[in-house]
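Step one of this worksheet: look at the structure below.
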Amino acid sequence: MVILEDQQEKKTRYSVLVVDDDPEIGQFMLDCVERLGHEVEGSNHPHEALDSVAKKNYDIVVTDLRMPDMDGLTLLKRIKTLNDDTEVIVITGYASVENALDCINAGAVDYLVKPFSVEQVQVALVKTIRHMELKALAKERERYLEMSYEDALTGVYNRRFFDEALKLEIIKSSRQENPFCLLMIDVDHFKNFNDSYGHQMGDEALVKLGKAFKSVCRGYDIVTRYGGEEFAIIFPGASKEMASIICHRLMNEVANVSEELPNTLLSGKLTISIGVACFPNDARTGRQLIERADISLYEAKRSGRNNYKIYGMF
């Protein structure tokens, strides 16, 4: 009987449930798993197995395809419904291409045909564990990628994501002849707020603003922290008339946030200024669009702050 050295070197123990109504096959599978050093339990009835899976998140379930009261394919589907991360190896003495395809399509990670050797079982388990490790690694990399696009303080997208999203939005807009608007938002007199209450309170204000902006926006609008106390929002499919409505909603939401914060700003409350520019009417490139939204933002501040200006309309 072979114990694979590669798996012996790994000290991580995985939890395995063996489901088979044949006591001899069930015990054989239990022995195979135990020799690999993993935690293993057995069940000889599919309904009992489902109860066990519902109570405990097994890493792997090894199940026979033909059992009384419930076939292995149905059990496989119900296991994946309970916990999609649980990997399932199907074993059967009635092999067919159709059965194998049904099991794989239902989410089985491997398919073993009786009779099989200890070595075959161990190889299937090691392959399954390697598959799980690769999936976990992929999820971790995806999480880090998401983190690299997220502003650590506010939870909205960061400048890096904004730069990439703006390029893509211009391409989509040009192909589909669908305009979009860019809003550049700056918190009025924010330095005064930080000087009065410190950066910790300033950070809290930015977090609240990020949440407020997201609450106003649609799921596919792109809310980003452009830098410092400045935010940028891309509104796909928005016209200048729609942008005006959006600006009013944003300013009203900020007024609600202001009620939760100390009134130490020059205006007596937290406010924002917004500059708007739209593609393709106001600009032909991303750089031009940002410049013209910035011009509008400057005009909003020059006009007394706590308002918005739309490029070409002042």
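Each row is one residue, and each column tells you yes or no for (1) at pLDDT 95 or above; (2) crowded, with 17+ Cβ neighbours inside 10 Å.
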| residue | (1), (2) |
| --- | --- |
| 165 | no, yes |
| 169 | no, yes |
| 172 | no, no |
| 180 | yes, yes |
| 184 | yes, yes |
| 187 | yes, yes |
| 193 | no, yes |
| 196 | no, no |
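Among 24, 41, which is the only one that is surrounded by 15 or more Cβ atoms within 10 Å (Cβ to Cβ) and either not assigned by TED's automatic domain parsing to the domain that holds residue 131 or not in a loop (DSSP other than H, G, I, E, B) (or both)?
41
Across region 274-285, what is the total count of residues that are in contact (Cβ under 8 Å) with a residue 12 or more places away in the chain and surrounded by fewer than 17 Cβ atoms within 10 Å (Cβ to Cβ)?
So the answer is 3.
What's the total number of residues in region 93-107 that are closer than 16 Å to residue 66 by Cα, under 36 Å from the mean Cα position of the chain (by Cα) and not hydrophobic (A, V, I, L, M, F, W, C)?
Within region 93-107, residues that are closer than 16 Å to residue 66 by Cα, under 36 Å from the mean Cα position of the chain (by Cα) and not hydrophobic (A, V, I, L, M, F, W, C) number 3.
Please find, among 137, 153, 166, 125, the residue that is under 19 Å from residue 14 (Cα atoms), aliphatic (A, V, I, L, M) and touching a residue at least 12 places away in the same chain (Cβ under 8 Å).
Sole residue among the options that is under 19 Å from residue 14 (Cα atoms), aliphatic (A, V, I, L, M) and touching a residue at least 12 places away in the same chain (Cβ under 8 Å): 125.
Being in contact with a Pro (Cβ under 8 Å, 6 or more places away or on another chain) and at pLDDT 95 or above, is that true of even one residue in region 255-274?
No.
Let's see how each residue does on (1) of a type in the set (Asp, Glu); (2) surrounded by 13 or more Cβ atoms within 10 Å (Cβ to Cβ); (3) touching a helix residue (DSSP H, G or I) at 6+ places or on another chain (Cβ under 7 Å):
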{"position": "78", "(1), (2), (3)": "no, yes, yes"}
{"position": "94", "(1), (2), (3)": "no, no, no"}
{"position": "111", "(1), (2), (3)": "no, yes, yes"}
{"position": "116", "(1), (2), (3)": "no, yes, no"}
{"position": "124", "(1), (2), (3)": "no, yes, no"}
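Based on what the data block shows, is residue 207 over 19 Å from residue 311 (Cβ atoms) and crowded, with 18+ Cβ neighbours inside 10 Å?
no
Out of all the residues in region 217-229, which are surrounded by fewer than 17 Cβ atoms within 10 Å (Cβ to Cβ) and within 15 Å of residue 184 (Cα to Cα)?
Scanning region 217-229 gives 227, 228.
I'd like to check which strands (runs of 3 or more DSSP E) are fully inside region 188-299 and have at least 1 residues that are of a type in the set (Ser, Thr, Tyr).
Where strands (runs of 3 or more DSSP E) fall fully within region 188-299 and carry at least 1 residues being of a type in the set (Ser, Thr, Tyr), they are 222-227, 272-279.
Considering only residues that are over 13 Å from residue 19 (Cα atoms) and either touching a residue at least 40 places away in the same chain (Cβ under 8 Å) or under 35 Å from the mean Cα position of the chain (by Cα) (or both), which ones fall in region 34-43?
Within region 34-43, 35, 36, 37, 38, 39 qualify.
Across region 143-182, what is the number of residues that are in a strand (DSSP E or B) and charged (D, E, K, R)?
1
Among (1) within 28 Å of residue 12 (Cβ to Cβ); (2) buried (at least 20 other Cβ atoms within 10 Å of the Cβ); (3) of a type outside the set (Phe, Trp, Tyr), which single condition is residue 65 missing?
(1)
The values are calculated or read from the model by the stated rules, or taken from the named source; none is laboratory data. The shown structure was predicted, so the numbers you read here are calculated from the model rather than taken from an experiment. Positions of Cβ are generated from backbone atoms using ideal geometry, with glycine treated the same way; all protein chains shown enter the neighbour counts.
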